[in-house]
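The values are calculated or read from the model by the stated rules, or taken from the named source; none is laboratory data. Small disclaimer: the values here were computed from a predicted structure and weren't measured. So basically every Cβ, Gly included, is an ideal-geometry build from the backbone, and we count neighbours across all protein chains shown. Side chains included, ligands, DNA and RNA excluded: accessible areas come from the protein's heavy atoms. Shrake-Rupley method; radii C 1.70, N 1.55, O 1.52, S 1.80 Å.
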Amino acid sequence: MIAIFRKALHDSRRTIIWLSIGMSIYVLLVLSFYPTIAEDTAALQEIVDSYPDAMITMFYGSDSAENLDLFSPGNFIQSQFMVFFILLLGAVIIGQAFNNFTNAERDGSMDMLLSLPISRREMLLGRGLSTVVFLLVVLTALFVTMVVGSAIWEEFEATIPELAAASYGMFFPVMVIAGLIYLLVAVVPSSRKFTGAVVYLFLVGSYLFYGFSGAVPELNDVRPFFIYDYYNAGQIIDGSGYQVGDALTLAVIAASLFGLAWWRIDHKEMGV
Amino acid sequence: MQPRPDPNAAEVIDIQNLTHRYGKVVAVEDVSFSVKRGEIFGFLGPNGAGKTTTIRTILDLIRPTQGQVLVFGLDSRRGAQEIHRRIGYLPSELRLWDNWTGAQYIRWLETVHQRPILPEAEHISERLQFELGRSLSGMSTGMKRKMGLIAAISHQPELLILDEPSIGLDPLMQQVFNELMREARAAGRTVFLSSHNLAEVEQICDRVAIIREGKLEAVEAVHNLTRVTFRWITLTLPEPAHADGFRDLEGIEAIETAGEQLRLRVSGRTNIDALIKQAAQHTVQDISIEHPTLEEIFLAYYGQKEH
């Protein structure tokens, strides 16, 4: 398992570096606007209030738009990049999982790997562990950048523990996406070429659906079935703080998905 | 029940009634054979015959629809990890990790096998004229296969499973490969290699299994198989060819003439020296030797058996 972990980490080192740099630059760029925004939040809020609820919830990514202060520090980062980063990290992990499993099965490199004294489950665990490390490194870069940003632009008022909770809190929703994709690659034959497209569609589609469901009261009951309902940087920084229950719910779901993948991969016909 | 593994079992691979279906397509049907410890065993068949499916079943990449595969006396599925510890494998379609050098790959394999293999890898790569320090990206098929071969044999496994190992190897390297396989056999290791080329197999193999359309046609000692095989020798002469003088040579099974060309079907019993002397009585402008196709071998083999 350690050998697989080392290999997976070696393969993703450039992605980790460039993604961390790219995300950090983007975060600093967005935070640099915050002082200007903080100067006149009332006027900006008036403009935002005139937008349809569905539009606001879509960009905000969680909860209803009613009485929402989009320009508080937490809600600002939630709407400007935190939700987007969940999608981005989810998409990167989906790509990595497809490359490491489905494409490896198709091009035969999986045959080489599994002919070595490495069990399928060890391979899955090694890859899963590298995903965890990958995510923690990128989230650390995000956290450090936000701390630096809050030091530079003092109008962006958030404590270090709040920023840590907002950054690392993203770990669990992304791990649910990772668990889902690991389960799929452990179950679906590599010859099914539509799988990747379906997963990306599901990732983006579920986010859009969740966003719109906030503006449609009849759909409110389905919102707990989406990961976005369990993570909100705005609530963590400006509202009720970090919800351990939400994190636990996502952790259990992610662990269950990984557990299923761990069980099923041993039954799979490889490269078929 | 899992058979008790016998590390000294005479049969390193034991395949019993193996059937594998991909949906409705039967890739391998009711195949049974065994490979003995210390032999070089050829698995011969045309493309699509079921060779790779059988090998992938031995490696537990796919599971038998029916039947059983035992390696070192262990079930290929339940004992997969222990089996993989003791084998080396070269796939027919080799894809290496392009972002690594050969040496990096070998060092990574050292962590997998949990023992040093770099010295042996360096020794083999010297013989194969391969630079381990080179990046694996942009390498030709032949070079990549050399790397695959080095990776498969450097940890000195008890069993080597090589799927079409000679693809991309030039004749000189083919000779080195043959030497490596003979050395492995001399050291008591077992080699199981697949090929669609009898000429390649007959040079090094002790026994051969022939598979066609998913069914095992024969398992024979190579000398038995080559005894019934033949060559086509074509002589191009400056004048219209005549069969006179060749007909009486021992082991000439058939003669065809077409214009200036004389085509002789020569069996393993043919006195080649007499044939060359007879040909020397003519002005030979060209000579070519063709190996029989697998189809022709099957026909010759079964023709012989029926008689």
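Less than 15 Å from a label point 7 Å out along the Cα-to-Cβ axis of residue A:202: which backbone N atoms in region A:138-175 qualify, by residue?
In region A:138-175, the label zone of residue A:202 (backbone N under 15 Å from the point 7 Å along Cα→Cβ) covers A:174-175.
Among the listed pairs A:268/B:36; A:193/B:24; B:51/B:215; B:36/B:144, which have their C-alpha atoms separated by more than 22 angstrom in this model?
Listed pairs above 22 Å: A:268/B:36; B:36/B:144.
Percent of Cα-Cα pairs per 10 Å bin, from 0 to the last occupied bin, for the protein assembly as shown, please list those.
3, 14, 20, 18, 14, 12, 9, 5, 3, 2, 0, 0
Note down the relative contact order for region B:230-291 as a percent, whole number, built from C-alpha pairs under 8 angstrom at least six residues apart.
Normalised by residue count, the contact order of region B:230-291 is 47 percent.
By average Cβ neighbour count within 10 Å, what is the ranking of B:133-140, B:65-72 from highest down?
Taking the mean over residues of other Cβ atoms within 10 Å, the ranking is B:65-72, B:133-140.
Can you pull out the GluC sites (Glu not before Pro) in region A:139-248 that DSSP calls coil and that have at most 16 other Cβ atoms within 10 Å?
Counting only loop positions with at most 16 other Cβ atoms within 10 Å, the GluC sites (Glu not before Pro) in region A:139-248 are A:154, A:155, A:157.
Just counting partner chain Cβ atoms within 10 Å, what average do the residues of peptide B:59-71 show around their Cβ?
2
Please give the net charge around residue B:138, taking every other residue with its beta carbon less than 11 angstrom from that of residue B:138, where Lys and Arg add +1 and Asp and Glu add -1.
So the environment of residue B:138 carries a net charge of +1.
Top mean-square fluctuation among B:242, B:196, B:223, Gaussian network model of chain B, C-alpha springs under 10 Å?
Top of the fluctuation ranking is B:242.
Gap in Å between the Cα centre of region B:184-217 and the Cα centre of region B:13-90?
Between the Cα centres of region B:13-90 and region B:184-217 lies a distance of 14 Å.
With +1 on each Lys and Arg Cβ and -1 on each Asp and Glu Cβ, and nothing else charged, work out how big the dipole of region B:1-152 is about its Cα centre, in Debye to the nearest 20.
260
What order do you get for B:57-63, B:18-24, A:43-49, A:106-112 when each peptide is scored by the mean count of other beta carbon atoms within 10 Å, highest first?
So the peptides B:57-63, B:18-24, A:43-49, A:106-112, ranked by packing, come out B:57-63, A:106-112, B:18-24, A:43-49.
Mean Kyte-Doolittle of at least -0.5 and a Cα length of 20 Å or more along the axis: which whole DSSP H helices of chain A meet both?
Sorted by number, the helices that extend far enough and score high enough are A:2-39, A:83-97, A:120-152, A:171-187, A:195-213, A:244-264.
Among B:156, A:152, A:51, whose Cα sits farthest toward the positive end of the charge dipole of the protein assembly as shown (+1 at Cβ of Lys/Arg, -1 at Cβ of Asp/Glu, about the Cα centre)?
Looking along the dipole axis, the top candidate is B:156.
Apply the Debye scattering formula to region A:96-227, with a single equal point scatterer on each alpha-carbon and no solvent, then give log10 I(q)/I(0) at q = 0.13, 0.15 Å⁻¹.
-0.77, -0.92
How big is the gap, in Å, between the Cα center of region A:196-269 and the Cα center of region A:88-153?
A separation of 19 Å, based on Cα centres.
State, in square angstrom and to the nearest 100, the accessible area buried between chains A and B, both chains counted, probe radius 1.4 Å.
Approximately 2500 Å² gets buried when A meets B.
Explain nothing, just the number: relative contact order of region B:11-226, from Cα pairs under 8 Å at least 6 residues apart, as a whole percent.
30
Tell me, what is the percent relative contact order of region B:8-59, built from C-alpha pairs under 8 Å that lie six or more residues apart?
Result for region B:8-59 is 32 percent.
Quick one: net charge of residue B:68's neighbours, Cβ under 14 Å, K/R +1, D/E -1?
Here the count lands on -2.
Stokes-Einstein at 4 °C, 1.567 mPa s, Kirkwood radius from Cα pairs: D for chain B in µm² s⁻¹?
61
Reported to two decimal places, what Rg/Rh ratio describes region B:1-136 when computed on Cα atoms with Rh from the Kirkwood expression?
Rg divided by Rh gives 1.02.
Which one, A:252, A:197, A:103, is farthest towards the positive end of the dipole of chain A when Lys and Arg carry +1 and Asp and Glu -1 on their Cβ?
The one lying farthest along the dipole's positive direction is A:103.
Please list A:229, A:40 from largest to smallest accessible area, probe radius 1.4 Å, with all protein chains kept in place.
My answer, sorted largest first, is A:40, A:229.
Only Lys, Arg, Asp and Glu count, each charged at its Cβ (+1, +1, -1, -1), so figure out the dipole size of the protein assembly as shown about its Cα centre, rounded to 20 debye.
1840
Divide, for region B:230-291, the radius of gyration over alpha carbons by 2.2 N^0.38 Å, where N is the residue count.
Region B:230-291 yields a ratio of 0.98.
Looking only at other chains, what is the average number of their beta-carbon atoms within 10 angstrom of each beta-carbon in A:115-125?
For this peptide, the per-residue mean of nearby foreign Cβ atoms is 5.
Under the definition of partner shielding as Cβ atoms of other protein chains within 10 Å of a residue Cβ, what is the mean value for peptide B:92-104?
Shielding by partners across B:92-104 averages 3.
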